[in-house]
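Read through the structure below, which is laid out as structure tokens, and then see the notes.
The values are calculated or read from the model by the stated rules, or taken from the named source; none is laboratory data. The model shown is predicted, which means the values in this text are computed figures rather than measured ones. All Cβ positions, glycine included, derive from the backbone under ideal geometry; neighbour counts span all protein chains shown. Please note that ligands, DNA and RNA were not included when accessible areas were found on the heavy atoms of the full protein model with its side chains. Shrake-Rupley method; radii C 1.70, N 1.55, O 1.52, S 1.80 Å.
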Amino acid sequence: MSDVRVRFAPSPTGFFHIGSARTALFNWLYARHTGGTFVLRIEDTDKERNTEEALRVLMDGMKWLGLDWDEGPEVGGDHGPYFQSQRSDIYREYLQKLIDAGRTYEKEGAIFFRLEGERYTEYDDYKKCEVEKVRTTPQIIDDQVRGRVERAEEKDFVLYRSNGEPVFHFVNVVDDISMGITHVIRGEDHLSNTSKHCELFRALGAEPPVFAHIPLILKSTGPGKMSKRDEGALIEDYQKNRFLPAAVRNYLCLLGWSPKDDSEVLPIDEIIERFDFDGINSGNARFDEKKMAHINAEYIRQLPLETLAWMVSPILVEEGLVDDSTDEDYLQDVLRVSQEKMTALNALPALIGFFFSNDYAIDEKTQGRIFKKGDPLARIRELIPLIEAEESFTADSLDASIESLAESQGFKKFEYFPVARFAVSGAGGGPDLLPMISTLGRHRVLERFQNFLEIHATSTS
Ligand code: GLU
């Protein structure tokens, strides 16, 4: 194990926002890339929002994405407790160090951090009074993403509020020191806090860690940052909508990081191997719903058939399409011929439901198109004896038979395809027609052709 120690330090809010998930992911990737340790620390000082439920949402989301932590809640570790709400004694101990070093003072019940430097007063337009300022030496941050950042604090700041609660800046730094954190990878919104944090690190006798502030995620259009109300912002929605976790994780990797050759769909082992600060872009990342859906579809298409069958069975059972009596081989055949056309597991019942049930949706647009030209009923009547007689019933043999039927009738074979597709599935698209007919089998195809004739012969007569 290397000396690298990184942490994800969320304040659970009840939602797992993709911005947080991406921060967790980059920390995890860096830990796995360097062979270091990934710590999960819960910044739960806001007692109202930090409920058991909020913690569950967060940890479930991390587990779903496969972001396992080496130290933290549930797994423990040598640097606990991993909840800020349980670390009050540690904060008091560190406060004592600052008191002993003469770096604090009390004012109106609060404890302030005293900056070092020449003091002067200045009129504050906003507060309409004179305020005390300090000329400090700037803190120089060699940020791994933003480059060199120089910032100087000019006002003492609060460490403990008058209600006795320590503030974020203080507990965050104390935890990073006492947990031996070597690299702080977090959202760019924290860049403005970094000079305060460096002041505290140094006052506590510690070198600041390496910082990497990662770019914000913008909503899919417009200038704003992605908020929890934006479509696609919450990990729990991807869980609910049955995205593949590996696909979501792969997409999140690309939100702010890119592999040198711009590849997109990459196995996680390869991402881990290639992940480094060099590949993190300093420009903001824009959320792209279509790309996420595209990567998810790619992952679905790459699944081994057995895994796919295992994943989709519960969905098909839930929809009442398959049950214990469904033939396993038939299910696998259906998936084999349909996998190429799958886009999302949630869309699966609509895509392949007709293989299992006669009660499928009829696409009216396609129906309109089919009846607009030619004579669909006659084409189906011609196909029936072919389906009855066709011996091997493979995609290839069906192709050859339809070809010669078409020839004998003076048509192109594609004259038959859309009608046949509509008659067996009610749709205008879907899996390739001939493998689909071959999989459905003679009996089902004939049954549907007959139904088609019955329904439309009466409705058009
Ligand atoms: N609790 C802070 C947050 O959720 C952590 C900031 C940090 O990573 O230092 O933004």
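Scanning the stretch 210-222 for residues that are open to solvent by 20 Å² or more (accessible area, probe 1.4 Å), touching a residue at least 12 places away in the same chain (Cβ under 8 Å) and β-branched (V, I, T) turns up just one, V210. The set of residues in the stretch 327-381 that are charged (D, E, K, R) and part of a helix (DSSP H, G or I) comprises E328, D329, D333, R336, E340, K341, E364, K365, R369, K372, R379, R381. If only residues of the stretch 193-209 that are within 13 Å of the ligand (Cβ to nearest atom) and in contact (Cβ under 8 Å) with a residue 40 or more places away in the chain are counted, the one that is farthest from E71 (Cα to Cα) is K196.
Under the condition of being of a type in the set (V, I, T), under 13 Å from G256 (Cα atoms) and within 12 Å of the ligand (Cβ to nearest atom), the residues counted in the stretch 13-27 number 1.
Could you check V149 against (1) open to solvent by less than 20 Å² (accessible area, probe 1.4 Å); (2) within 16 Å of the ligand (Cβ to nearest atom); (3) in a strand (DSSP E or B) and say which number it fails? Only one criterion is unmet by V149, namely (1).
Restricting attention to the stretch 255-280, the residues that are open to solvent by 60 Å² or more (accessible area, probe 1.4 Å), touching a residue at least 24 places away in the same chain (Cβ under 8 Å) and closer than 25 Å to P223 by Cα add up to 1.
Look through the stretch 159-185, keep the residues that are within 27 Å of the chain's Cα centre (by Cα) and open to solvent by 10 Å² or more (accessible area, probe 1.4 Å), and return whichever of them is nearest to the ligand (Cβ to nearest atom). Of everything passing the filter in the stretch 159-185, I181 is nearest to the ligand (Cβ to nearest atom).
A quick yes/no check of all residues on (1) open to solvent by 30 Å² or more (accessible area, probe 1.4 Å); (2) under 16 Å from the mean Cα position of the chain (by Cα); (3) near the ligand (Cβ under 10 Å from one of its atoms):
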residue	(1), (2), (3)
S11	yes, no, yes
L29	no, yes, no
I42	no, no, yes
A54	no, no, no
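Does the stretch 296-318 contain at least one residue that is within 29 Å of the chain's Cα centre (by Cα), modelled with pLDDT of 95 or more, farther than 21 Å from R421 by Cβ and of a type in the set (G, A, S)? Yes, because at least one residue in the stretch 296-318 is within 29 Å of the chain's Cα centre (by Cα), modelled with pLDDT of 95 or more, farther than 21 Å from R421 by Cβ and of a type in the set (G, A, S).
Among residues of the stretch 371-382 that are open to solvent by 60 Å² or more (accessible area, probe 1.4 Å), those with a beta-carbon under 7 Å from a residue that is at pLDDT below 95 at least six positions away or on a different chain give the pairs G374/E415. Take the conditions assigned to a loop (DSSP other than H, G, I, E, B), without any contact (Cβ under 8 Å) to a residue 24 or more places away in the chain and over 30 Å from L218 (Cα atoms) and apply them to G180. Does it pass? So G180 does not fit the description; no. Given the criteria away from the ligand (no atom under 14 Å from the Cβ) and within 22 Å of the chain's Cα centre (by Cα), does R7 qualify? Judged against the criteria, R7 is not a match.
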